[in-house]
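Read through the structure below, which is laid out as structure tokens, and then see the notes.
The values are calculated or read from the model by the stated rules, or taken from the named source; none is laboratory data. As the structure is a computational prediction, the values presented were derived from the model and not from experiment. Every residue, glycine among them, receives a Cβ derived from its backbone with ideal geometry; neighbour counts consider all protein chains shown.
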Ligand SMILES: NC(=O)c1ccc[n+]([C@@H]2O[C@H](COP(=O)([O-])OP(=O)(O)OC[C@H]3O[C@@H](n4cnc5c(N)ncnc54)[C@H](OP(=O)(O)O)[C@@H]3O)[C@@H](O)[C@H]2O)c1
């Protein structure tokens, strides 16, 4: 069982202020039960939601601990439990939590945890958690597109899926997940990311800034059967652009979005929107248990080990200060949200001490333990 007596956390006492590092009680190893695993964290990934949740009043009961994606080593697990059948003390793992991740020691549900394959560092798979959790719910959840799960060696289905915004972190993983399930991923991104999305398995890429993108994409989807449209970047602009394509297609296409659609009355006729109303939401983590065991734990470690799944976006270690470096990384992430490519270049300069190239590829900001 765990030897450490104290934990430390990035404490968010209210919104609109930076988090501060404080000592906190160590999670009790006697209360792990059947499914919880205690992990000592070695690397944290930063997501756009970390600065958004820090900046805005989301109605949380404060204080909260932000952070979703961590990787580290198993510190404790209940002997003889289902969790112990999968994980042992010392195993290198990566996991997903909806918040609560910016701590030195975090407890995870074993169903949202996976082993780090040989040859990868903590900084690599830590980029994957939230993006896979988001993609998996909307692509494979029975309330959404309800696609078949990815499997090693899945045969080609001869059906396409449109991933709108394939260069986002969510889109980069959505492309790979549908490709792993045997679908043809068709996607949109900026021209300079065409090679990037194709390297992840997209069969074709379209520039979402092209004024004719709606007609071009609808024609592409109508060359065969399309199994659905997933909006993976662009917030409301992305929703509107993506459902225009669905409406222009001759098929009645299922449509799911990573950004909750509040303007449902604007969706054109003939688009089959798959979105639960607030009253129907499945509580967290029930919605993840439906899709993550077959994707995160059940597919990913083997797919990574066999090289059929890539770490995307690329990890960019911005500091090795542990929890003391989290706020610095959140600030860099906020600048990316506000300035796009210029923000990415600033993060690269900050991390590497030298100017980035003119055109930069998508990155995920990482903080490592000191
Ligand atoms: N529901 C959830 O649980 C959940 C969780 C996480 C994220 N999300 C949502 O998922 C989406 C993606 O998040 P993320 O963290 O993956 O974003 P991200 O990595 O920050 O995505 C940035 C990229 O999105 C692309 N993009 C921006 N606007 C676009 C548009 N109008 N059309 C197509 N592509 C566009 C750009 O690609 P180019 O460089 O190629 O232009 C940009 O580089 C967001 O809408 C976010 O709110 C939802």
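Taking the listed residues 250, 269, 244, the one that is part of a helix (DSSP H, G or I) and assigned by TED's automatic domain parsing to the domain that holds residue 169 is 244, with no other qualifying.
Being within 16 Å of the ligand (Cβ to nearest atom), more than 15 Å from the chain's Cα centre (by Cα), under 30 Å from residue 207 (Cβ atoms) and crowded, with 18+ Cβ neighbours inside 10 Å, is that true of even one residue in the range 151-163? Yes, the range 151-163 contains a residue that is within 16 Å of the ligand (Cβ to nearest atom), more than 15 Å from the chain's Cα centre (by Cα), under 30 Å from residue 207 (Cβ atoms) and crowded, with 18+ Cβ neighbours inside 10 Å.
Evaluated against (1) surrounded by fewer than 24 Cβ atoms within 10 Å (Cβ to Cβ); (2) more than 9 Å from the ligand (Cβ to nearest atom); (3) in contact (Cβ under 8 Å) with a residue 12 or more places away in the chain, residue 192 falls short on exactly one condition, (2).
Quick one: what pairs do we get from the range 223-235, first residue in the same structural domain as residue 139 (by TED's automatic domain parsing) and closer than 15 Å to residue 178 by Cα, second part of a loop (DSSP other than H, G, I, E, B) and within 10 Å of the ligand (Cβ to nearest atom), C-beta under 8 Å, 6+ apart or different chains? If the second residue must be part of a loop (DSSP other than H, G, I, E, B) and within 10 Å of the ligand (Cβ to nearest atom), the pairs left are 230/258; 231/165; 231/258; 231/259; 232/165; 232/166; 232/168; 232/258.
Which one of 76, 85 is crowded, with 18+ Cβ neighbours inside 10 Å and not in a loop (DSSP other than H, G, I, E, B)?
Criteria check complete, one pass: 76.
Entry remark, the range 105-123: residues being assigned to a loop (DSSP other than H, G, I, E, B) and surrounded by 21 or more Cβ atoms within 10 Å (Cβ to Cβ) number 3 in total.
In the range 287-370, counting only helices (runs of 4 or more DSSP H) that sit wholly within it, the ones holding 1 or more residues that are buried (at least 18 other Cβ atoms within 10 Å of the Cβ) and within 16 Å of the ligand (Cβ to nearest atom) span 326-339, 341-352. Please verify whether the range 268-285 includes one or more residues that are within 10 Å of the ligand (Cβ to nearest atom) and either under 25 Å from residue 362 (Cβ atoms) or crowded, with 19+ Cβ neighbours inside 10 Å (or both). No; the residues of the range 268-285 include none that is within 10 Å of the ligand (Cβ to nearest atom) and either under 25 Å from residue 362 (Cβ atoms) or crowded, with 19+ Cβ neighbours inside 10 Å (or both).
Against the conditions (1) at pLDDT 95 or above; (2) in a helix (DSSP H, G or I), residue 94 satisfies every one except (2).
In the range 195-219, the residue that is nearest to residue 148 (Cα to Cα) out of those that are away from the ligand (no atom under 12 Å from the Cβ) and in contact (Cβ under 8 Å) with a residue 60 or more places away in the chain is 200. In the range 3-22, the residues that are without any contact (Cβ under 8 Å) to a residue 40 or more places away in the chain form Cβ pairs under 8 Å with partners that are surrounded by 15 or more Cβ atoms within 10 Å (Cβ to Cβ) and part of a loop (DSSP other than H, G, I, E, B), at six or more places apart or across chains, as follows: 5/26; 6/26. Surrounded by 24 or more Cβ atoms within 10 Å (Cβ to Cβ) and over 20 Å from residue 169 (Cβ atoms), is that true of residue 126? The answer is no for residue 126. I need the full set of residues from the range 158-186 which are in a strand (DSSP E or B) and under 23 Å from residue 124 (Cβ atoms), in order please. 163, 185, listed by residue number.
Among residues belonging to the range 221-247 that are surrounded by fewer than 19 Cβ atoms within 10 Å (Cβ to Cβ) and more than 11 Å from the ligand (Cβ to nearest atom), point out the one that is nearest to residue 360 (Cα to Cα). My answer is 244.
For the range 12-45, the set of residues classified as in contact with a helix residue (DSSP H, G or I) (Cβ under 8 Å, 6 or more places away or on another chain) and under 30 Å from residue 82 (Cα atoms) consists of 32, 34, 35, 36, 37, 38, 43, 44, 45, listed by residue number. Filtering 155, 150 for residues that are assigned to a loop (DSSP other than H, G, I, E, B), over 21 Å from residue 289 (Cβ atoms) and not assigned by TED's automatic domain parsing to the domain that holds residue 91 leaves a single hit, 155. Contact annotation: residue pairs with Cβ atoms under 7 Å, 6 or more positions apart or on different chains, pairing a residue in the range 334-346 that is under 12 Å from residue 361 (Cα atoms) with a partner that is within 11 Å of the ligand (Cβ to nearest atom) and not in a helix (DSSP H, G or I), are 341/360; 344/360; 344/363; 345/360. In the range 55-73, what residues are within 30 Å of residue 117 (Cβ to Cβ) and assigned to a strand (DSSP E or B)? Once the filter is applied, which keeps residues that are within 30 Å of residue 117 (Cβ to Cβ) and assigned to a strand (DSSP E or B), the range 55-73 yields 69, 70, 71, 72, 73.
Residue count for the range 272-290, restricted to those that are within 17 Å of residue 174 (Cβ to Cβ) and either in the same structural domain as residue 123 (by TED's automatic domain parsing) or at pLDDT 95 or above (or both): 2.
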